[in-house]
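The values are calculated or read from the model by the stated rules, or taken from the named source; none is laboratory data. These figures come from a predicted structure and were not determined experimentally. In this analysis, Cβ positions are derived from the backbone assuming ideal geometry, glycine residues included, and neighbour counts consider all displayed protein chains.
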Amino acid sequence: MAPVLRYDHDTLEQQLKDTIQSLYQILVQVSTYDNTTASSISTPLHPSSISSPAPAVSASPYTASASASASTRSPASAAPATSSRDVLANEIRALERSLQAVHRTATTPSAEASLPPVPPELIQYVEGGRNPDIYTREFVELVRRGNQLVRGKQAAFASFRDVLAAEMEKAMPELRDDAARVVAATTPAPAGSGEGSGGGGGGGMATGP
């Protein structure tokens, strides 16, 4: 398995952190959700309700100026605040972006950015509480044993091929070229040095009877 680049690992870790943070923010917003907006809760009092009902006090110049200043400040203080619904919608959109980023990273076709495949047998091995190094050693032993078995079969078939070719050359000399061509076509290139010894052994077995 190819090792994961450190840069890709850090990027994926940050994307997972962003996803967890978005889930936490959604949890907080749902637990403190309020259908009413903050502006409707904290609506300032009308200037007429603040002024005194006594005609003498309302007729004074200072009270008139205070009422005028309060009336000019009321539109700014009454600006609508962000509701819980809008905040929750923003957090859900942020969670959607985080999940899409993780999905793109996990399904990218690039070999450098993709995660290495883990065999399901190895996962079951680790879940069973066994050492992964033992799994690797057992896997190598199984592969070596299988290679030895296949190599033995190849050697046995190659020996049988040489004996058969030698017998056919003795019984039908006119097929000598055809038998030699079949032997050359079925002999692997790296085993060219052993072909002569195999052919010699086949010839010896053929001339023995």
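General observations
Listed here are the residues, each with its yes/no results for (1) modelled with pLDDT under 85; (2) farther than 24 Å from H9 by Cβ; (3) assigned to a helix (DSSP H, G or I).
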position	(1), (2), (3)
A81	yes, yes, no
L88	no, yes, yes
S98	no, no, yes
R137	no, yes, yes
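- In the set G128, G152, only one residue is among the small types (G, A, S) and within 30 Å of P188 (Cβ to Cβ); that residue is G152.
- Whichever residue in the stretch 142-192 is outside any helix (DSSP H, G or I) and hydroxyl-bearing (S, T, Y) and, among such residues, is surrounded by the fewest Cβ atoms within 10 Å (Cβ to Cβ): T186
- S159 vs. criteria of a type in the set (S, T, Y), more than 30 Å from the chain's Cα centre (by Cα) and modelled with pLDDT of 85 or more: yes
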